[in-house]
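The values are calculated or read from the model by the stated rules, or taken from the named source; none is laboratory data. All figures in this text were calculated on a predicted structure; none of them were measured in a lab. Neighbour counts are summed over all protein chains in view; Cβ atoms, including those assigned to glycine, are modelled from backbone coordinates with ideal geometry.
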Amino acid sequence: MSVAAGGEAVSTETANQVDTKGIVVGLVGIYIAGIAADAGIPYLIFLAGIGAVFATKMGADAVRRVCSYGIGTGVPSIGMLALGMGLISAMFGLALGAIIGVPYVGPIVGLVVALVIGFIVGTLANKVIKLNIPVMERCLMEIAGAGVLVMTGLAVMIAGSMDFAVISEKVITTGYIAPVFILGALGILHPFNASLGPDETQDRTLVHAYSVGAIGMTIAGVCSIATINPIAGIISIVIGLAIWYANFMGFVRLVKRDAGAGYVGTGLLPPGAM
Amino acid sequence: MTDVTIMGMLAGNLPSIIGIIIGGLCIAVGVHFVPVGGAPAAMAQATGIGTGTVQLAAGSGLTGLLAAGYMYMVMSAGGAEVGMSQIALICATGAVGAMIMISVTMLVGNWVYIYGVGVPPASAKRDYDPITKDPQAPYVAAGTVGQGLPTVCFVSGAIGGLLGGLGGSLIYCMLMWVNADPAISSIFAIGIFVVNAVLPSYNIQGTIEGFHDPKFKRVPKAIVACFVASLLCGIIAVIIPSAAMLAGGA
């Protein structure tokens with residue numbers, strides 16, 4: 001990217017904090033939603049969506065850190081890479097759970113496989129292709145992990161189960177995997193792509209990540225109306241829209257805060273702002 | 001427990017892993033052929049199509065996959081066995097699908113550059129077009145590194161589409177051999193495609209003009225990287241069974 005800076009991104013929330021929140025909230029949300037749905041209570045599936053929102057934020061923060069070095073191909077490429085690796089790992093984890101007969105290992109196996117793939121791809125990018133970005137390995141691990149959690153979270157939301165056979169029938173064969181794939185990728189790549197530049201701030205980018213993640217959650221809720229239960233779907237949609245509204249308003253507030261020259265709704269800037 | 005085991009899936013699907021690696025390498029090399037100009041090309045300040053590698057790779061790959069998927073459906077109609085000769089036909093269909101997509105993109109892009117922006121297609125990387133021998137330097141606007149898609153870029157892009165579509169279709173066929181589920185195979189083929197398209201795009205740092213570009217010499221590095229990545233993806237992909245296999249149907 002021509003606008004790319006060349007150095008480490010300034011962070012107020014450290015990478016470890018973001019990762020911990022993303023992985024813990026992501027996994028807990030997916031597990032509560034999956035176990036409750038298996039126990040006959042589909043109304044808690046929105047928790048998997050909330051897990052996906054936090055995982056989106058983790059991915060967006062990793063994209064922010066790695067892309068602030070300037071990767072030359074534009075930010076979207078790394079978001080697609082995230083969901084490419086995430087898709088393979090997530091499906092592998094869920095399928096392995098089905099093979100050994102314990103569906104609940106799926107998300108964790110998927111996460112571990114994603115971390116391994118992310119590390120290997122990051123090493124290839126740094127050592128073979130010689131991108132020489134110091135945070136590349138770690139960030140690609142985080143991005144792949146976020147990809148898995150987003151994919152699994154939204155897939156569990158739509159299927160209402162962690163069973164590979166059910167997900168295959170309700171998410172993959174129906175084609176809902178396509179919006180899951182592209183919305184998951186957008187949530188990870190778009191926040192930094194929209195906010196990048198010399199005045200980029202971490203809190204603004206991450207609030208944006210929450211709002212894009214919530215859009216994914218809302219769409220997954222719409223899909224789940226047809227596949228699980230209308231009431232569970234509507235609960236997810238309402239909660240998703242509430243999260244989106246709160247965070248998008250927060251994003252607008254931070255945009256106004258960070259606007260160097262002041263802002264107007266329309267027309268020319270006020271005198272003195274220039 | 002079902003009778004699907006990890007080692008059994010790995011040992012029984014070795015040809016599929018090799019096929020996936022070959023497909024991944026085709027995609028990796030194909031990315032280097034496609035003239036990608038990025039944001040500067042979108043403003044007619046660099047030679048190539050004005051968007052990113054991944055968007056182009058995804059576009060041509062998905063078109064190829066659609067064509068290949070349809071051909072696979074025709075070939076396997078009535079439960080017919082899909083062997084090597086059928087796979088060759090399916091891959092050819094996918095390759096042609098991807099070539100059509102990328103060629104139409106380049107053609108219409110050139111119309112926009114020539115008649116809309118008003119610039120002559122020219123490459124700044126070579127003084128003479130290697131195919132038509134037309135001089136390039138006089139037509140490169142001052143302050144830019146070329147614009148539009150001269151003949152050599154067009155030919156190179158069509159080759160890139162061919163390789164990308166071929167690779168994507170091959171991966172799809174190999175996955176269909178493993179799990180016989182079009183939905184899982186296609187979504188997995190997209191995943192492997194994306195990984196193999198993004199790594200080479202880091203190799204060319206986002207922009208390349210085609211096989212005449214000096215950056216094309218970096219292909220070996222992308223082949224090494226994509227070989228490892230495809231091997232990894234292939235091993236994981238062939239372990240995934242279809243839902244029907246898990247239910248004991250196959």
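Miscellaneous remarks
- Residue list for region A:97-112, restricted to those being more than 7 Å from chain B (Cβ to nearest Cβ) and touching a helix residue (DSSP H, G or I) at 6+ places or on another chain (Cβ under 6 Å): A:Gly97, A:Pro103, A:Val105, A:Gly106, A:Pro107, A:Val109, A:Gly110, A:Leu111
- Considering A:Thr20, A:Thr12, the condition of being polar (S, T, N, Q), surrounded by fewer than 17 Cβ atoms within 10 Å (Cβ to Cβ) and either touching a His at 6+ places or on another chain (Cβ under 8 Å) or in a loop (DSSP other than H, G, I, E, B) (or both) is satisfied by A:Thr12 alone.
- The set of residues in region A:74-85 being facing chain B (nearest Cβ under 8 Å) and either among the small types (Gly, Ala, Ser) or free of Cβ contacts under 8 Å to residues at least 60 places away in the same chain (or both) consists of A:Gly74, A:Ser77, A:Gly84.
- Restricted to helices (runs of 4 or more DSSP H) entirely inside region B:1-53, those with at least 1 residues that are at pLDDT 85 or above and surrounded by fewer than 19 Cβ atoms within 10 Å (Cβ to Cβ) are B:14-33.
- Among the conditions (1) aliphatic (A, V, I, L, M); (2) more than 23 Å from B:Asn179 (Cβ to Cβ); (3) modelled with pLDDT under 85, B:Ala77 misses just one, which is (2).
- For region B:26-54, the set of residues classified as over 26 Å from B:Ile114 (Cα atoms) and either of a type in the set (Lys, Arg) or within 14 Å of another protein chain (Cβ to nearest Cβ) (or both) consists of B:Ile27, B:Ala28, listed by residue number.
- Elements of the type helices (runs of 4 or more DSSP H) sitting completely within region A:116-225 and holding at least 1 residues that are within 10 Å of the chain's Cα centre (by Cα): these cover A:136-159, A:177-195.
- Boolean, A:Ile30 is out of contact with any strand residue (DSSP E or B) (no Cβ under 7 Å at 6 or more places or on another chain) and buried (at least 24 other Cβ atoms within 10 Å of the Cβ): yes
- Among (1) within 14 Å of chain B (Cβ to nearest Cβ); (2) among the aromatic types (Phe, Trp, Tyr); (3) under 24 Å from A:Gly240 (Cα atoms), the one test that A:Phe54 misses: (1)
- Residue satisfying all of: in region B:185-207; more than 7 Å from every other protein chain (Cβ to nearest Cβ) and at pLDDT below 85; nearest to B:Asp127 (Cα to Cα) among these: B:Thr207
- Pairing each residue of region A:157-185 that is more than 10 Å from chain B (Cβ to nearest Cβ) with any residue that is of a type in the set (Phe, Trp, Tyr), provided the two are 6+ apart or on different chains, yields C-beta distances under 6 Å for A:Ile158/A:Tyr176.
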